[in-house]
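The values are calculated or read from the model by the stated rules, or taken from the named source; none is laboratory data. Please read all numbers here as calculations on a predicted model, not as lab measurements. FYI the Cβ positions are ideal-geometry reconstructions off the backbone, even for glycines, and counts take in every protein chain you see. We work out accessible area using only protein heavy atoms, side chains counted, and drop any ligands, DNA or RNA first. Shrake-Rupley method; radii C 1.70, N 1.55, O 1.52, S 1.80 Å.
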Amino acid sequence: MKIKILSLLLLAGVIGYSQSLTVEKIMKDPKWIGVSPSNVFWSADSRSVFFSWNPQNTISDSVYSFSIGGNEPQKAGFFEAQKMNAINNAVYNNSNTQMVYVYRGDLYWVDIKAGKTTRITQTEEIESAPKFILKDEWIAYTRNQNLYAWNTKTGITLQLTNISRTAETAAAPAFGGGGGQRGGGGGGQRGGGGGGGNASAVGAGSQEQWLQQEQLQLFQVLKERKDKRDQRSAFLKANKETDTLKTIGIGDKTLQGLQISPDGRFITYRLYQAPTSSKNTAVPDYVTESGFTTDIPGRTKVGAPLGKYDFYVYDRMKDTVIAVSTDSIPGITDVPDYVKDYPKKFSGRRLTARSVVFNGPYWNDAGTEAVLDIRSQDNKDRWIMRLEAATGKLIPVDRQRDEAWIDGPGVGGGRGSRIGWINDNVFYFQSEVTGYSHLYSYDIATNTKKAITEGKYEVQQAELSRNKQNFYLLTNEEHPGKQNWYRIKTDGTKKEKITNMDGGYEVTMSPDEKWIAYRYSYTTKPWELFVQENMPGKKPVQVTNKAMTDEFKAYAWRDTKVITIPARDGAQIYGRVFDPASGKKNGAAVIFVHGAGYLQNVHYWWSSYFRETMFNNLLADLGYTVIDIDYRASSGYGRDWRTGIYRWMGGKDLDDNVDAAKFLVDKYGIDAGRIGIYGGSYGGFMTLMALFTTPDVFKAGAALRPVTDWAHYNHGYTANILNEPYNDSIAYAKSSPINFAAGLKNHLLICHGMVDVNVNFQDAVRLTQKLIELGKDNWEIAPYPVEDHGFVEPSSWTDEYKRILKLFNTNLLK
């Protein structure tokens, strides 16, 4: 009886929440939805998993732990959590019997078998990047931009480099000339050792040498003093202590990527020379504590001068610094295809080597082989090259050329590249050469490349097992909008599926690889934490259960299924529809356009656009049919889909949205004259292009924090897609909404944060001026003085989406 009464009381509590949605409700602090775990990591013994969580709705998250076989997560102590997180990032030796980690700027060495921990350093300075070298006898690490090594047997510490801000060290071959003598060479005659000719023809340097020789010949005392100095220099050179460190000067350049080879012989590093002139934007902040307007430092704009990278090898055995030349890189002088559109500008230009960025090197365990991942700064080429460290020679292994741009999971961009060694002769890497990002192996003994995975899907995460027998993969091979975790042999055989739930996963493997902890979510269910044995057929254990409050669960969120929509060029566009309840349809529709361009939003896991998803549910409740598509440029669909916008943003990507509008008319009975569109960032840009260039398709649109002119956005993103404005003006002319503002016929709302350091508020201001000059009167702008690119304040979110709802209700409803 008590159980029945309790159940009724709980049910009454759920029913007590309003099941209808309002803008005020969905845009308030997200804690009303629930709290999800984050920042998942394992203890070193693989028995406990740690994560950030806030089940009590306090100001900020705390760290919790869950023990395998336990019942409930327990709150971890602050220092315990810090140390466990440090140990989680430990570096292991090849046999996995020792590890070293950084905790509060100091190094700790652990003999795992003996269970003994030794503190290596205790300094005010920060030590970092530890690494086992010389068959685990030494641990190398970085301190103050120099390399040191600590001996695990004797406890002795050695400084391995002496890098300073002195004048940049000349790389091999060494300086020529007079072998250190002031005169620079002999000749007993006053004419100067066969120098001959007149001084002006020889140059100032030779003139000075001639004068020095004359002085030595004229004055005996000067000759005697010089002879003594030369003899002393020769003695010191002959008796130089072998442990004296070579000073490596880097001048005003920035040191990057300092590391040592496993055998301890070679030290490699990059030097970055910043551009001499590069103007940054400034973002005025009007609402400040001081009451004065201040400028937030901004970024450069696309086409600004880029810095230069050089790569060096310091051979400790020969005490020589070698500059690695890029001259031997295949196609280093190749020009992109788009220059054919500008024959007058580019014809007759001398071909020069393109600037590159060096990543690595990636050494095998023995330290006998290394590969570099080299990218051209125009991002059209990615080369994997063997590095012959003793000579600095580069040997080609693999070249991926893309006339659009190199990217993809595990390949590059902001996501980094995935490269490592399976054994001392075979390394692995990811490449998008087939059109989809897959794993490959390369045998340097036979110079053969082999595909480990293949198919029309992406390998989105890959980890090599510690015994180097298997890869663990996260892929979307069953469906572009579903992920799962797999195990596969390194030769590409015996693939096994380990997870089985439809949705999305963020997987963290335990150090012993026997367990996985993962954040899992579904379309209507935010992220929760699960643990599972890392084998096929094992049942997951749910660790957390606070991602959904009773208030959130009281509403029947639409479980939107993924559909495909035919594009005009025959491609299939993935989308999902928020359909009104039977009898509620009002004949109007709204298209939501996700941001970023290269992002996936049509899938079976919890959307990062959760506020927009809730708003789409609200619109459907009001009778609107809402569609959300992964247009051309979206991630998850391979290279061709990603690069479909190359040199024309607002081309195929906009076509896909227009085709989605047609699909709504044809399949859902929508009134073609009552379709709206909205989105933020790239979605805001798309909204502008839709209203300006296809005004008869969209009756109203809300452009949130939109790019209005791509020539004013950043370099890293924009130059990939549109090249540089002074080199490819055609691409910018076709892609920038401000050039098409005269086409505005229907109703436009612009919303923009005024302290947006990503898409600067200047974009909205410039478009505002353009619309004023064009005499347009069917638009409005809402500025948000305290908001950056991603809004933070619930009051701002609420105001923005009340305006969007009003825009649609006013212009799309009869």
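Summary of values
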| quantity | calculated |
| --- | --- |
| Antiparallel bridges, percent of DSSP beta bridges restricted to the chain (to nearest 5) | 80 percent |
| Length added when fully stretched, residue 538-residue 468, from 0.36 nm per residue minus Cα-Cα | 22.9 nm |
| Around residue 311: net Lys/Arg minus Asp/Glu count, Cβ-Cβ under 15 Å | +1 |
| Qualifying aspartates and glutamates (Cα of each under 12 Å from Cα of residue 497; at least 8 residues distant if same chain) | 477, 478 |
| Nearest-ten-degree value, helix 220-238 long axis tilted from longest Cα axis of the chain | 60 degrees |
| Degrees between helix 682-693 axis and first principal axis of the chain (Cα, 0 to 90, nearest 10) | 70 degrees |
| Residue 208 - accessible surface, heavy atoms, 1.4 Å probe, Å² rounded to 10 | 120 Å² |
| Residue-count net charge about residue 791 - beta-carbon cut-off 14 Å; Lys, Arg +1, Asp, Glu -1 | -3 |
| Exposed chymotrypsin sites (Phe, Trp or Tyr not before Pro) absent: longest stretch of the chain, with sites in DSSP loops and at most 11 other Cβ within 10 Å deemed exposed | 293-725 |
| Sites matching trypsin sites (Lys or Arg not before Pro) across the range 500-578 that sit in DSSP coil, with at most 13 neighbouring C-beta atoms within 10 Å | 514, 561, 568 |
| For the chain, with +1 on Lys and Arg beta carbons and -1 on Asp and Glu, the positive-most of 277, 213, 371 along the dipole | 213 |
| Of the GluC sites (Glu not before Pro) in the range 67-169, those whose Cβ has at most 11 other Cβ within 10 Å and which sit in DSSP loop | 124, 125 |
| Net dipole in debye of the range 648-785 [+1 Lys, Arg Cβ; -1 Asp, Glu Cβ; about Cα centre; nearest 20] | 220 debye |
| Extension gain from residue 114 to residue 79, taking 0.36 nm per residue of separation minus the Cα-Cα distance | 10.2 nm |
| Magnitude of the charge dipole, the chain, Cβ model with Lys/Arg +1 and Asp/Glu -1, debye to 20 | 680 debye |
| Accessible area of the range 519-596 divided out per residue, in Å², using a probe of 1.4 angstrom | 43 Å² |
| Farthest toward positive dipole pole in the range 247-355 [+1 Lys/Arg, -1 Asp/Glu at C-beta], among 330, 312, 267 | 330 |
| Accessible-area order (highest first, 1.4 angstrom probe) of the listed residues 21, 664 | 21, 664 |
| Listed residue pairs exceeding 30 Å between alpha carbons, taken from 25/539; 153/514; 308/340; 28/662; 31/495 | 25/539; 153/514; 28/662; 31/495 |
| Cβ-derived FRET efficiency at R0 56 Å, residue 300 paired with residue 366, nearest 0.05 | 0.85 |
| Answer label for Cα extents along the principal axes in Å (calculated), chosen among (i) 157, 107, 50; (ii) 111, 71, 61; (iii) 94, 58, 45 | (ii) |
| Within the range 518-624: Cβ-based charge dipole about Cα centre, in debye rounded to nearest 20 (Lys, Arg +1; Asp, Glu -1) | 140 debye |
| All lysines inside 28 Å of residue 667 as judged from Cα atoms, apart from same-chain residues fewer than 8 positions distant | 482, 561, 584, 585, 652, 699, 745, 806, 814 |
| Residue-level accessible surface for residue 438, protein heavy atoms, 1.4 Å, Å² | 0 Å² |
| Carbon and sulfur %, accessible surface of the chain computed with the full protein complex present, 1.4 Å | 51 percent |
| Principal-axis tilt of helix 652-668 within the chain, Cα atoms, nearest 10 degrees | 20 degrees |
| Helix-only [θ]222 nm of the chain, DSSP H runs n ≥ 4, -39500 (n - 2.57) each, per residue, nearest 500 | -6000 deg cm²/dmol |
| Charge-dipole axis of the chain as Lys and Arg at +1 and Asp and Glu at -1 on Cβ define it, positive-most pick from 591, 485, 618 | 485 |
